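J.: Just passing along the structure, written as structure tokens.
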């Protein structure tokens, strides 16, 4: 099993979790192919982390399965936008930590 961690990436953790749930448990090669055609910003980021996790373990994408794809909340950047009558409103810019673990699938009694 190998893993890759990308920290403080500028994408909302809520939006990235939607993509992470889609690929969890998939074959790495199929996951990379599926992520390539998703229009989300998080899809491109997660595909790079999956490719890194596969390379970290010296595997080929077709021989491993994504065992865990986790997106955690990271620090939040706070900015201010001027509003009417001299007031200001807060802009929240969230960041995320993305952790991907890949491993060789276990053989079951059906496979043997």
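J.: Which of rounded, prolate or oblate describes the range 2-103 when judged by the alpha-carbon gyration tensor and an a/c cut-off of 1.5?
T.: Prolate, since a/c reaches 1.5 and a/b exceeds b/c.
J.: What order do you get for 78, 48 when you list them from fewest to most C-beta neighbours inside 10 Å?
T.: 78, 48
J.: Grab the DSSP H runs of the chain that are 4 residues or longer, score each as -39,500 (n - 2.57), total them, divide by all residues and round the 222 nm result to the nearest 500 deg cm²/dmol.
T.: Here the helix-only value at 222 nm equals -10000 deg cm²/dmol.
J.: Before anything else, pin down the relative contact order of the range 1-53: Cα pairs under 8 Å, at least 6 apart, normalised by residue count, whole percent.
T.: Relative CO of the range 1-53 lands at 50 percent.
J.: A further question follows. Evaluate the relative contact order of the chain (contact order divided by residue number), counting alpha-carbon pairs under 8 angstrom at least 6 apart; express in whole percent.
T.: Relative contact order of the chain: 40 percent.
J.: Given 0.36 nm per residue, what is the gain on full extension from residue 55 to residue 2 after removing their alpha carbon distance, in nm?
T.: Here the segment from residue 55 to residue 2 would lengthen by 18.2 nm.
J.: To make sure I understand, if each residue's beta carbon is the centre and we count other beta carbons within 10 Å, what order do 87, 67, 14 fall in, fewest to most?
T.: Ranking 87, 67, 14 by Cβ neighbours within 10 Å, fewest first, gives 87, 14, 67.
J.: If you don't mind, there's one more thing I want to ask. As a footprinting exposure proxy, order 50, 45, 92 by other Cβ within 10 Å, with the fewest listed first.
T.: 92, 45, 50
None of the figures in this text is laboratory data; all of them are computed from the coordinates on show. Please read all numbers here as calculations on a predicted model, not as lab measurements. Note that we place each Cβ from the backbone using ideal geometry, even for glycine, and neighbour counts take in every protein chain shown.
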